[in-house]
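Coordinate-derived values only; no laboratory data. Everything quoted here is computed from the prediction, not taken from an experiment. Don't worry about glycine lacking a Cβ; one is built from the backbone with ideal geometry, like all the others, and counts go over all protein chains shown.
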Amino acid sequence: MEVKSLEIEEVKIAVPRRFGDERGFFEQLYHQREYIQGGIDGQFVQFNWSRSRKGVLRGLHYQLANPQAKLITVVRGAIFDVAVDIRKGSPTFGKWVGAELSEENGEQLFIPEGFAHGFNVLSDTVDLIYQCSRFYAPGDEYGIQWNDPDLGIQWPEVGDEPIVSDKDKANPTLSAQSERKLPSYGGK
C-alpha cells in the first residue's frame with residue numbers, strides 16, 4: 001500500500017494494492033497494521049455506504065463533540081472529495097484539499113478529526129464507503145457552506161445549480177460559524 005500526504009499533511013491519500021487478472025481483481029480495502037505504518041492511525045467503528053447521482057454535492061459536514069476521522073473509498077463511479085481544515089488555531093485553518101476518487105484509480109482519502117468533508121459526483125452514479133472512527137451522534141451535526149467564497153473550493157463539474165440538500169444550503173460560511181461550534185487545533 002502507498003500513502004501520500006496532501007498539501008495539508010494530516011490529510012492523506014491511500015492507494016491499496018489491487019491484484020487483477022482476466023477474472024477481475026482483489027483488493028484489501030483496509031488492513032489496520034499497514035495503515036498505521038502509513039501514518040493513518042484510525043480505529044474505525046462504523047462503515048457507511050452512500051449512493052448519489054451526477055450533479056449531487058454533499059457537505060461540508062463535520063461533528064464537534066464526537067469528531068470522526070474518515071476513510072473514503074469509491075467502489076463505483078467517481079467523486080471529487082474535499083477536506084477543509086476548520087480547527088481553530090491550526091496553521092492551515094480555512095485551507096482545503098481535494099482529490100478525485102474513483103473505482104478506476106482505487107485511491108482512498110483519509111480525513112482526520114477536525115475537518116469538514118464534502119464531495120460532488122462526477123459520474124452518472126457513485127457508490128462510496130466511508131469508514132468512521134466514532135459512531136454517528138444525532139444532534140452533533142454541523143456544516144459549512146459548500147460554496148463559501150472565502151474557502152474558494154474549485155469544485156469540478158458543479159455548474160450553476162448542483163443538487164444540494166436544504167440542510168446543506170442553510171449552512172453558514174466558515175467566518176459566520178460560531179467559534180464555539182468549531183473544533184480546536186491540538187485539542188486545545
Qualifying positions in region 86-130 - among the charged types (D, E, K, R), touching a strand residue (DSSP E or B) at 6+ places or on another chain (Cβ under 6 Å) and within 23 Å of Glu27 (Cα to Cα): Glu100, Glu103, Glu107, Asp127
Pick from region 1-36, criterion of a type in the set (D, E, K, R) and in contact with a Pro (Cβ under 7 Å, 6 or more places away or on another chain), ranking: nearest to Phe115 (Cα to Cα): Glu10
Matching residues in region 113-144 - criterion: being assigned to a strand (DSSP E or B) and free of Cβ contacts under 8 Å to residues at least 60 places away in the same chain: Ala116, His117
Tally, over region 5-26, of residues that are loosely packed, with under 13 Cβ neighbours inside 10 Å and part of a strand (DSSP E or B): 7
For Ser165: the one exception among (1) touching a residue at least 40 places away in the same chain (Cβ under 8 Å); (2) within 15 Å of the chain's Cα centre (by Cα): (2)
Residues that are in a strand (DSSP E or B), within 23 Å of Leu174 (Cβ to Cβ) and among the small types (Gly, Ala, Ser), drawn from region 86-112: Gly98, Ala99
In region 28-47, the residues that are outside any helix (DSSP H, G or I) and either loosely packed, with under 13 Cβ neighbours inside 10 Å or without any contact (Cβ under 8 Å) to a residue 60 or more places away in the chain (or both): Gln28, His31, Gly38, Gly39, Asp41, Gln43, Val45
